[in-house]
Amino acid sequence: MRVLLTGGGTAGHINPAIAIANYIKEKHQDSSFLFVGTQRGLEKNLVPKCGYDIKFIDVMGLRRSLSAENIKVLINYIKSMSDARRILKEFKPDVVIGTGGYVCAPVVKAAAALKIPTLIHEQNVFPGLAIKMLSQKADITAISFDETKNMMKAKKMVLTGNPLRPNLFAEHDADLIRAKYGFDEKPLVLMFGGSLGAEKMNDALVDMIAEKRTDGFNLIASTGEKHYDDIIKRLAEKGVNIENIRNIKVVPYIYNMEEIFSTADVIIGRAGAITVSEITALGKAAVLIPSPYVAHNHQEYNARYLEKNGAARVVLESELSGERIASEVDDILGNVSVLANMQSCSEKIGITDACETIYACISEIIKK
């Protein structure tokens, strides 16, 4: 099988494409793969690191306000269509897969014009502009959340979920993990703001610890590498030596995230597509603080989807404080039935077989 994948800009668009490629490679070891991205996106480094070839085209997103820059964007887009057609004719893929970001628009559009089978995948509840634009041209539009089907029209739409890392589902000994951190039998709460950390969440963390609002649970919190020293200093200024608090571990980064995710009773975090998909795939209760700094406010749509389905509490960054976070956690953990209901609701909307479903869709459109 010859597979061309396109999507980029952020890891949220690239990692699902890599996960799909990895799964296809498991099924067809003799498959050939080519990624198409831009020199400006993270795909430039992420894709080669995973052992895949990548070619680049020059395409940019439209500015949302009237701007002379959009003239250059349109000229680039016309050229990128020509470049995409050339790459497609050279590589001769059996299928083209687009996972979002403006780079996938000219590639998938060119593939559809050449009658090459196409599948596009949307990671968030609220669909991005490229996916919306392509949904009536692609043979299949794969969505990750049921609510997305009401937000766009497509030739054919299939609920697949988000491709997730396989080691997320490995079995872990919760007692051993707790013992590793010196924790007792109290519930475990995981708090993290993404790999780089989140400043407002770290502010709430400092307040929560300093105000002694964590006595009822064990807490592992990741601050992000660049914030860690400052957080420890700020806690010390408030008279807190984190090393002396047995039920709290504050770290720059969590390298064994799969173990902690599996063991945690409540997860406090942002609401990126992969994070909320991992939360529901493992049937976890969550307190979500959607980032307000993302396009189309898509993290709040993700968070509200879990909230509507009973799996999460949502705290906007404008409402964020240590007291508010601790209050939400205490309310969830203070009643066994509340926690159990949230975990059950989370599990009901969780999807664990996204790669298998996407692979079935690909097989379907190739055979037509």
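The values are calculated or read from the model by the stated rules, or taken from the named source; none is laboratory data. Keep in mind that this is a model prediction, so the values were computed, not measured. Cβ placement follows ideal geometry from the backbone for every residue including glycine, while neighbour counts extend to all protein chains displayed. The accessibility values were calculated without ligands, DNA or RNA, using every heavy atom of the protein model including side chains. Shrake-Rupley method; radii C 1.70, N 1.55, O 1.52, S 1.80 Å.
Quick notes
- Test result for Ala295, of a type in the set (Gly, Ala, Ser) and crowded, with 21+ Cβ neighbours inside 10 Å: no
- Residue in region 282-297 that is within 30 Å of Lys180 (Cβ to Cβ), outside any loop (DSSP other than H, G, I, E, B), of a type outside the set (Ser, Thr, Tyr) and touching a residue at least 60 places away in the same chain (Cβ under 8 Å) present: yes
- Count of region 306-324 residues which are part of a helix (DSSP H, G or I) and crowded, with 24+ Cβ neighbours inside 10 Å: 1
- Residues of region 116-167 that turn out to be open to solvent by 10 Å² or more (accessible area, probe 1.4 Å), outside any loop (DSSP other than H, G, I, E, B), modelled with pLDDT of 95 or more and of a type in the set (A, V, I, L, M), as a count: 3
- Only one of the numbered conditions (1) open to solvent by 40 Å² or more (accessible area, probe 1.4 Å); (2) farther than 27 Å from Val336 by Cβ is not met by Gly194, and that is (1).
- For Asn241, the test of being polar (S, T, N, Q), over 16 Å from Met191 (Cβ atoms) and either open to solvent by 30 Å² or more (accessible area, probe 1.4 Å) or more than 15 Å from the chain's Cα centre (by Cα) (or both) is passed.
- Answer residue from region 326-368, given it is among the polar types (S, T, N, Q) and not in a loop (DSSP other than H, G, I, E, B) and is farthest from Thr280 (Cα to Cα) among those: Ser363
- Checking region 225-234 against the condition returns a match, with at least one residue being of a type in the set (Val, Ile, Thr) and open to solvent by 40 Å² or more (accessible area, probe 1.4 Å).
- Checklist (1) in contact with a Gly (Cβ under 9 Å, 6 or more places away or on another chain); (2) within 17 Å of Ala204 (Cβ to Cβ) applied to Ser277, failing item: (2)
- When Thr263 is tested against (1) within 18 Å of Leu188 (Cα to Cα); (2) open to solvent by 40 Å² or more (accessible area, probe 1.4 Å), only condition (2) is not met.
- Selected residue [under 15 Å from Ile325 (Cβ atoms) and without any contact (Cβ under 8 Å) to a residue 40 or more places away in the chain] from Leu219, Leu205: Leu219
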